[in-house]
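These notes are about the structure you will find just below.
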């Protein structure tokens, strides 16, 4: 017979086995032996005692160490003997008249004390009585007891060893006269004491009142780290366990086995009245009301609320129980106030040495494992507890299954009941009472900055402004915060999470007022907050939920702002249309009371990105930056290089062609064709003036003269100069013609009628005899034409070199200044 002492189930903590032997006197030598299976070891546990009128021999366990004493004298500890829990152990007390020896399993010949030193008689009682447990409610033993024997002689060490090995020696023990039990003691038949010496089973059958078809049953057992009943298992032994089990209703049992195919599966049918069993076939979709799993012996489970408590899974007193090393027991029991329609318990209860217990009701389809709300008996206190096999780096789903902790709150459902996602997946722990949003984490917080130039939308030349869409990302850490559920990838904070935390305040000095208001109030702004892990987290349990927690110092907060800003820019059109405009955007951190944030000036602390882009009028460079203002301001610079190809094709080339046409009137028109030369030149001058007038209406407004203005002025002046040259040439030509004489002789005489001297006749040159040859004269008009043409060309070269030099010099100065700034590679 096996006696199970359960003092923890009664508030008076009484459970005792009294064995009276058929012997009135105790000789000078005796032996007491007992098999013990302690459920747990308390600080002080009374194992057994042998009582007499004046004194007693008591064996106790104190802090796991066996103590023995002949009370009220001679208490003595024996530090080499330790009683283990959850395993059968054989304990023998041997007296030889002078000494007492204590044998625990294979540890023998342990001298405890010399009885003569205690000055007591060896005749302790008139009848031999061995007490296991206590009836006083103190130092109660909890566990199983069997094989209590008393010998009126001293057993040798070999005989004790034979008893330990369940051999036939030392059978001449004193017969038991009476057996009494007090308190909460249950009894069941062991079926042969030799079973105590057999190796412990590595598995046991755990029965769950969960309805399941074959795939569901197989999945349940796999989830619990176990298996279905297999063809190699001892069906007869399992049937006997099922008959004795208190975990299931008093009905016949039908249990799925792993003998199955896609359509059918074998079911172990057990008659609980007779213990008979057989295998029957059912379709795999058949739903059975009970599921059995072969669980590993002493498998470790974990009970979690705000802490983790290890529990050992055992089969104790015909029930499946979870036992902690501190003596807490969790098992199925009837609910305190109700049962189901069949009178069967649907509650889990947790007991602790007779103190107030906690319990939770099990709904349909629920059993021992999973997350439940527990109620402290006779109070209105509730708390969540989870029981599962999930270790430190696992998350316990509500149904007791386990997933990697990193998969919790990743946006993908991994638990079948979806308990790894949902409203509990907040990233920021509740703020501490001392947290004030308007106060900085430090007096000088360091803020990282990322600016990405998405697009330059437009350039408003008349307004001296440009519109640009940029992403501004602020990065900082707040060691006052605590985060949870973070992954390697950044995660987005919800509005209710970031509204309560400190955020750096930005302002843009050269942006328009409306843009600064929009950024400050977060209106019309794409604004989001993300967090990214920069250090290692640590697992923690909060209200029975496993979470990965990160300190604020190990988490980078990112505030991303996307907005189309309008910035002012002073445009310089002196070299239009070959101008380069230097524009900038200034980003500053606002200083507040007792808080002076700074940009992170370390390498990589500030990054400005954005590829080269183009507008209809400008090519836009890659952005560069510099930091100023004691590290509180950062300026992003851009170069706008105007596209001048269209102006070259539509303005400069036509004007140059017109100038060369005007030049051709000097070099290729006959000097005598004054009317043609002057009309062509005048027409070209009119065309140039018309082009200049037409172009001026489309040029950017600016009080300063532009390069194109100087170019047109030069072209008009050039053609005007040619016009004047033509005029001077014609005047010179006519003057020369008047002074030249023909090579003939003229006869002069007095006109009698008029009374004046006049030419009367001409004689041809062939009839005139010339005494001297005629002198060679310089053709002044043609000379003026050639000299003017050369002078105009020289002037063209000088002006072209001057314009090119000034334009290139301006480009180089601006480009060198720009490229001397910082750039993000």
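Please treat every number below as a calculation from the coordinates, not as lab data. Computed from a prediction, not measured in an experiment: that's the story for all the values here. With ideal geometry, Cβ positions are generated from the backbone for all residues, glycine too; neighbour counts draw on all protein chains shown.
Taking the chain as the reference, fit the longest principal axis to its C-alpha atoms, fit the long axis of helix 653-667 to the helix C-alpha atoms, and give the angle between the two in degrees, 0 to 90, nearest 10. Between the helix axis and the principal axis of the chain, the angle is about 20 degrees. Radius of gyration over Kirkwood radius for the stretch 446-641, both on Cα atoms: the Rg/Rh ratio is 1.05.
Just want the ordering: 688, 278, 5, from fewest to most Cβ atoms lying within 10 Å of their own Cβ.
Least to most surrounded, the residues fall as 278, 688, 5.
In the chain, the longest principal axis of the Cα atoms and the axis of helix 235-244 are about 80 degrees apart. If you wrap the tightest convex hull around every Cα atom of the stretch 300-389 and split its volume per residue, you get 107 Å³. Hey, how many Å between the Cα centroid of the stretch 591-624 and the Cα centroid of the stretch 398-412? First find each Cα centre; the distance between them is then 40 Å.
Taken over the stretch 495-554, the convex hull of the Cα atoms encloses 123 Å³ per residue.
Neighbour counts of other Cβ atoms within 10 Å put 718, 590, 18 in the fewest-to-most order 590, 18, 718. Note on the stretch 549-608: Rg/Rh from Cα positions, Kirkwood definition for Rh, rounded to two decimals, is 1.14. Helix 674-696 and the longest principal axis of the Cα set of the chain meet at an angle near 30°.
The order of 84, 368, 311, going from fewest to most other C-beta atoms within 10 Å of their C-beta, is 84, 311, 368. Across the chain, Cα pairs under 8 Å and at least six residues apart give a relative contact order of 8 percent. With no solvent and one equal point scatterer placed on each C-alpha of the chain, evaluate the Debye formula and give log10 I(q)/I(0) for q = 0.05, 0.06, 0.07 Å⁻¹, two decimals. Rounded to two decimals, the profile gives -0.58, -0.69, -0.80.
Mean residue ellipticity at 222 nm, helices only, the chain: -6000 deg cm²/dmol; runs of at least 4 DSSP H residues each add -39,500 (n - 2.57), and the sum is divided by the number of residues. Pairs of C-alpha atoms in the stretch 651-711 farther apart than 13 Å represent 66 percent of all such pairs.
Stokes-Einstein diffusion of the stretch 203-296 at 25 °C, 0.890 mPa s viscosity, Kirkwood radius from Cα pairs, rounded to a whole number: 190 µm²/s.
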